[in-house]
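Notes to accompany the following structure.
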Amino acid sequence: PYRTEERSCPYHKRCGGCIYRNITREYELEIKRNTVLSALRRAGIGDISAERTVTDGVADRYRNKAQYPLSRDRDGNISIGFFSQKSHDVIDLEDCQQLPESFTRISLLFKEYIKDNKISVYDEISGTGLVRHLYLRTAMSGSILMCIVINGVSLPNEAGLVKFFKDKEPRICGISVNSNRKSTNVILGDSYRLLWGEEYLE
């Protein structure tokens, strides 16, 4: 009875980025409330109750963070998006309705930039290739931080990359590189380097 097509997404059945697109928003909020209650009970909090889940009413474009993995498909084409459910196969996304439209523009520009500049993409099976993830965060102001997670210490022509994105997306206020050379599922490494702009958002 809670199933709906009103919130459908063309990637929903394959993508692991969200799991509630095929049910009503009201039922999603009830599931989330029950998830919290269940966790508290398992933690031994005891007999508790909780008010209904409070929301600002925004059901789409509300996320302020995205970590896009990159890979190549069987034909060598670059994919950027999210992992398919229970796998590390990257679903190539044109858009995600959970994310700001600015993230979509930046991710597609990044894919174009990587391709045009012949920058290698990480292959987690062989451990080779440079670019692992594109990591974006935004604030209520609309400012965006862009971080590129790499299997190395630097990107080719970093000054050119900064200029490209400053010209294309003026809301980007800082660009950094994160180095993660470990063979791991953990997205971020320990080392950050600021290429340009701000290091943090307010």
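The values are calculated or read from the model by the stated rules, or taken from the named source; none is laboratory data. These figures come from a predicted structure and were not determined experimentally. Positions of Cβ are backbone-derived with ideal geometry, glycine not excepted, and every protein chain shown enters the neighbour counts. Please note that ligands, DNA and RNA were not included when accessible areas were found on the heavy atoms of the full protein model with its side chains. Shrake-Rupley method; radii C 1.70, N 1.55, O 1.52, S 1.80 Å.
Go through Tyr62, Tyr68 for me and flag whichever is closer than 26 Å to Arg181 by Cβ and among the hydroxyl-bearing types (Ser, Thr, Tyr).
On inspection, the qualifying residue turns out to be Tyr68.
Taking Ala66 as the residue in question, decide whether it is part of a loop (DSSP other than H, G, I, E, B) and hydrophobic (A, V, I, L, M, F, W, C).
The answer is no for Ala66.
One residue is enough: does region 23-36 have a residue meeting the conditions modelled with pLDDT of 90 or more, more than 30 Å from Val131 (Cβ to Cβ), in contact with a helix residue (DSSP H, G or I) (Cβ under 7 Å, 6 or more places away or on another chain) and part of a loop (DSSP other than H, G, I, E, B)?
No, the conditions are met nowhere in region 23-36.
Since Asn64 meets every condition but one in (1) open to solvent by 50 Å² or more (accessible area, probe 1.4 Å); (2) under 19 Å from Pro10 (Cβ atoms), which condition does it not meet?
(2)
Would you pick out the residues in region 37-52 that are surrounded by 10 or more Cβ atoms within 10 Å (Cβ to Cβ) and in a helix (DSSP H, G or I)?
Once the filter is applied, which keeps residues that are surrounded by 10 or more Cβ atoms within 10 Å (Cβ to Cβ) and in a helix (DSSP H, G or I), region 37-52 yields Leu37, Ser38, Ala39, Leu40, Arg41.
Please identify the pairs in which a residue from region 50-66 that is over 16 Å from Lys32 (Cβ atoms) has its Cβ atom under 6 Å from the Cβ atom of a residue that is modelled with pLDDT of 90 or more and open to solvent by 60 Å² or more (accessible area, probe 1.4 Å), counting only partners at least 6 apart or on another chain.
Going by the 6 Å Cβ cut-off, the qualifying pairs are Lys65/Arg137.
Looking at (1) loosely packed, with under 14 Cβ neighbours inside 10 Å; (2) without any contact (Cβ under 8 Å) to a residue 40 or more places away in the chain, which is the one condition that is false for Asn117?
(2)
Where residues in region 69-93 are part of a loop (DSSP other than H, G, I, E, B) and farther than 12 Å from Cys15 by Cα, which of them is least open to solvent (accessible area, probe 1.4 Å)?
So, considering only residues that are part of a loop (DSSP other than H, G, I, E, B) and farther than 12 Å from Cys15 by Cα, the one least open to solvent (accessible area, probe 1.4 Å) is Gly76.
Could you please let me know if Lys111 is crowded, with 17+ Cβ neighbours inside 10 Å and either of a type outside the set (A, V, I, L, M, F, W, C) or without any contact (Cβ under 8 Å) to a residue 12 or more places away in the chain (or both)?
yes
I need the strands (runs of 3 or more DSSP E) fully contained in region 138-202, keeping only those with at least 1 residues that are of a type outside the set (Phe, Trp, Tyr), within 24 Å of Lys115 (Cα to Cα) and within 17 Å of the chain's Cα centre (by Cα).
144-150, 172-179
Restricting to region 120-136, what's the tally of residues that are surrounded by fewer than 18 Cβ atoms within 10 Å (Cβ to Cβ) and part of a strand (DSSP E or B)?
Within region 120-136, residues that are surrounded by fewer than 18 Cβ atoms within 10 Å (Cβ to Cβ) and part of a strand (DSSP E or B) number 2.
Can you tell me which residue is nearest to Ile91 (Cα to Cα) among those in region 1-28 that are of a type in the set (Val, Ile, Thr) and open to solvent by 30 Å² or more (accessible area, probe 1.4 Å)?
Only one residue fits best here, namely Ile19.
What are the residues in region 1-22 that are hydroxyl-bearing (Ser, Thr, Tyr) and modelled with pLDDT of 90 or more, if any?
Across region 1-22, the qualifying residue is only Tyr2.
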